[in-house]
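The values are calculated or read from the model by the stated rules, or taken from the named source; none is laboratory data. Everything quoted here is computed from the prediction, not taken from an experiment. In this analysis, Cβ positions are derived from the backbone assuming ideal geometry, glycine residues included, and neighbour counts consider all displayed protein chains. When the accessible area is computed, the model is the full protein with side chains, heavy atoms only, and any ligands, DNA or RNA have been set aside. Shrake-Rupley method; radii C 1.70, N 1.55, O 1.52, S 1.80 Å.
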Amino acid sequence: MDPLPTHHRVLIVEDEPQIAEIIDVFLAREGVSRLIARDGEDALNAASYWQPDLVILDLKLPKRDGYSVLAELRSRSDVPVIILSALGEDVDKLSGFRLGCDDYMVKPFNPLELIARARAVSGRRLRTDSGRILAIGPLRIDLDAHQASLADEILSLTPTEFRILRVLAERGGKLVTRSQIVDAAMDEEAFDKSVNPHISRLRQKIEERTQGGLRLVSVRAEGYRLEVLQ
Ligand code: CA
């Protein structure tokens, strides 16, 4: 298995110093940069300013638990996350995966196995990252290039409009609730209503290009979905 790329930054979120230290020592041998966060709030701050390539996340943490940290991370980015927790029950495992962690290990753990999984997750991510395209009707979203096109013409979108379009495309033609859009595309402090102008502009950009071939449909009081008209 390929080693972790040495330019990788790994955020270790762990409140027990001995465990954080063990992980840190083994990651240091891989040559990657490491940062340790001791609680959930620290973790989210560090994720913002340090932009890690991989997060190793404990679940029982002071201030904010790992599930809440993972949910927040996921609303902001696709950074790979390995949960490392003493909670071994299946129910915890399931809710971890549902929120989008990439792997899960139960303490006590073998640090070499953690490194192997970190390599696997990073390798998998590098592979799936190349050429990821979301498509619906005439719409193509290139997730790597952060570029959307309609019928082979590139759409000029703001970052927020791009994120909204991505969420809608990821759901295919299914309904996306307003709060899901706010969670995925807007700043933390955004209110539900603040998404409206972004939606309006995005709708205009889509519909003027496709003459109604692809529509951004409002579902009253619920949310939005993309609709492809044949
Ligand atoms: Ca803990």
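Please go through the stretch 205-216 and give me each residue that is over 15 Å from L168 (Cβ atoms) and either in a helix (DSSP H, G or I) or modelled with pLDDT of 90 or more (or both), ordered by number.
Quick first cut of the stretch 205-216, residues over 15 Å from L168 (Cβ atoms) only: 208-209, 211-213.
E208, R209 - these are the residues of the stretch 205-216 that are over 15 Å from L168 (Cβ atoms) and either in a helix (DSSP H, G or I) or modelled with pLDDT of 90 or more (or both).
Confirm whether L61 is within 26 Å of G123 (Cβ to Cβ), in contact with a helix residue (DSSP H, G or I) (Cβ under 7 Å, 6 or more places away or on another chain) and surrounded by 15 or more Cβ atoms within 10 Å (Cβ to Cβ).
Values: within 26 Å of G123 (Cβ to Cβ): no; in contact with a helix residue (DSSP H, G or I) (Cβ under 7 Å, 6 or more places away or on another chain): yes; surrounded by 15 or more Cβ atoms within 10 Å (Cβ to Cβ): yes.
It is false that L61 is within 26 Å of G123 (Cβ to Cβ), in contact with a helix residue (DSSP H, G or I) (Cβ under 7 Å, 6 or more places away or on another chain) and surrounded by 15 or more Cβ atoms within 10 Å (Cβ to Cβ).
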Point to revise | Residue list for the stretch 9-40, filter: assigned to a loop (DSSP other than H, G, I, E, B) and within 13 Å of L54 (Cα to Cα) | key: V32
Revision key, fill the gap. Matching residues in the stretch 175-209 (open to solvent by less than 40 Å² (accessible area, probe 1.4 Å) and touching a strand residue (DSSP E or B) at 6+ places or on another chain (Cβ under 6 Å)) number 2
**Study point:** Matching option when the condition is open to solvent by less than 10 Å² (accessible area, probe 1.4 Å) and away from the ligand (no atom under 16 Å from the Cβ), among L84, L11, L73
**Key:** L73
Review point. Out of curiosity, is L165 surrounded by 15 or more Cβ atoms within 10 Å (Cβ to Cβ) and in a loop (DSSP other than H, G, I, E, B)?
Key: no
Practice item. Return only the number of the condition from (1) within 16 Å of the ligand (Cβ to nearest atom); (2) farther than 16 Å from C101 by Cα that I56 does not satisfy. Key: (2)
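Assess whether D65 counts as being within 13 Å of the ligand (Cβ to nearest atom) and at pLDDT 95 or above. Full working, then the answer.
Working: within 13 Å of the ligand (Cβ to nearest atom): yes; at pLDDT 95 or above: no.
When the stated conditions are applied, D65 does not pass them.
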